[in-house]
């Protein structure tokens, strides 16, 4: 099992939900987070601002440092990981910085609370 | 690559973020969480608070930078000289694959070594 953690744009949530549902992945968790990426950070500028140079402070601007994002977490069996990653990348890609990242993390165990099933059976679709 | 999850005090969050920025690790995700630790929350007189507000920071970094990043976060998040209960925890887990959505490319980083992750757990 793997956990796919994707940080995506706020306004891409609906498209992502739809695309994941179309791909047959119905279960996932999402939450609102704040974040920043590699960005275009000029460390000389930061240093200058820290030392109190007016021009450097003006160039940094008053904007907020952290950008609101959505963090989507999907736990899937090993053979579905590539499908999920490809779906998320296809939908969210606008070729601009800030589109987000996708991380794949190993999961050692999962349990369905309702029945106590473990691992892959806990992830599979089950009759209600 | 590894994922560093740091639970810190909300009032220390800005300091940790600034420290990480200056250390050259700008990419961080932040979320507000509620939790309690080993001390079972805080007891003030008759009242026990067992859902204390904290901030959870996520950062994916190269395995070689682990010690440095952990040290940076710890230094910035500690209160007082010796630290205090409630300063938080840092958890590290392995990351198998990293993709950048805007380019669609897979980030080439050294995968987390099994020996190292065994040592962490």
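The values are calculated or read from the model by the stated rules, or taken from the named source; none is laboratory data. This is a predicted model, so every value here is computed, not measured. As a convention, Cβ positions derive from the backbone with ideal geometry for all residues, glycine included, and neighbour counts pool all protein chains shown.
Summary of values
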| item | result |
| --- | --- |
| Residue that is nearest to residue A:78 (Cα to Cα) [pool: residues in segment B:69-85 that are touching a strand residue (DSSP E or B) at 6+ places or on another chain (Cβ under 9 Å) and either within 14 Å of chain A (Cβ to nearest Cβ) or surrounded by fewer than 16 Cβ atoms within 10 Å (Cβ to Cβ) (or both)] | B:70 |
| Residue identified as away from every other protein chain (no Cβ under 14 Å), part of a helix (DSSP H, G or I) and modelled with pLDDT under 85 among A:56, A:49, A:21 | A:56 |
| Residue within segment A:2-18 that is surrounded by 14 or more Cβ atoms within 10 Å (Cβ to Cβ), more than 19 Å from residue B:101 (Cβ to Cβ) and at pLDDT 90 or above present | no |
| Given (1) within 14 Å of another protein chain (Cβ to nearest Cβ); (2) touching a helix residue (DSSP H, G or I) at 6+ places or on another chain (Cβ under 8 Å), number of the condition residue B:88 does not satisfy | (1) |
| Residue within segment B:66-77 that is at pLDDT below 90 and out of contact with any helix residue (DSSP H, G or I) (no Cβ under 8 Å at 6 or more places or on another chain) present | no |
| Conditions (1) modelled with pLDDT of 90 or more; (2) touching a strand residue (DSSP E or B) at 6+ places or on another chain (Cβ under 9 Å): number failed by residue B:105 | (1) |
| Filter result for the condition that a residue is outside any strand (DSSP E or B) and either in contact with a helix residue (DSSP H, G or I) (Cβ under 6 Å, 6 or more places away or on another chain) or within 14 Å of chain A (Cβ to nearest Cβ) (or both), over B:20, B:56 | B:20 |
| Filter result for residue A:110 (more than 14 Å from chain B (Cβ to nearest Cβ) and at pLDDT 85 or above) | yes |
| Selection within segment B:8-40 - surrounded by fewer than 16 Cβ atoms within 10 Å (Cβ to Cβ), touching a strand residue (DSSP E or B) at 6+ places or on another chain (Cβ under 9 Å) and at pLDDT below 85 | B:40 |
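One line per residue, one yes/no per condition, for (1) within 25 Å of residue B:61 (Cα to Cα); (2) in contact with a helix residue (DSSP H, G or I) (Cβ under 7 Å, 6 or more places away or on another chain); (3) surrounded by 15 or more Cβ atoms within 10 Å (Cβ to Cβ); (4) modelled with pLDDT of 80 or more:
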site: A:32; (1), (2), (3), (4): yes, no, no, yes
site: A:40; (1), (2), (3), (4): yes, no, no, no
site: A:43; (1), (2), (3), (4): yes, no, no, no
site: A:62; (1), (2), (3), (4): no, no, no, no
site: A:73; (1), (2), (3), (4): yes, no, no, yes
site: A:105; (1), (2), (3), (4): yes, no, yes, yes
site: A:115; (1), (2), (3), (4): no, no, no, yes
site: A:126; (1), (2), (3), (4): no, no, no, no
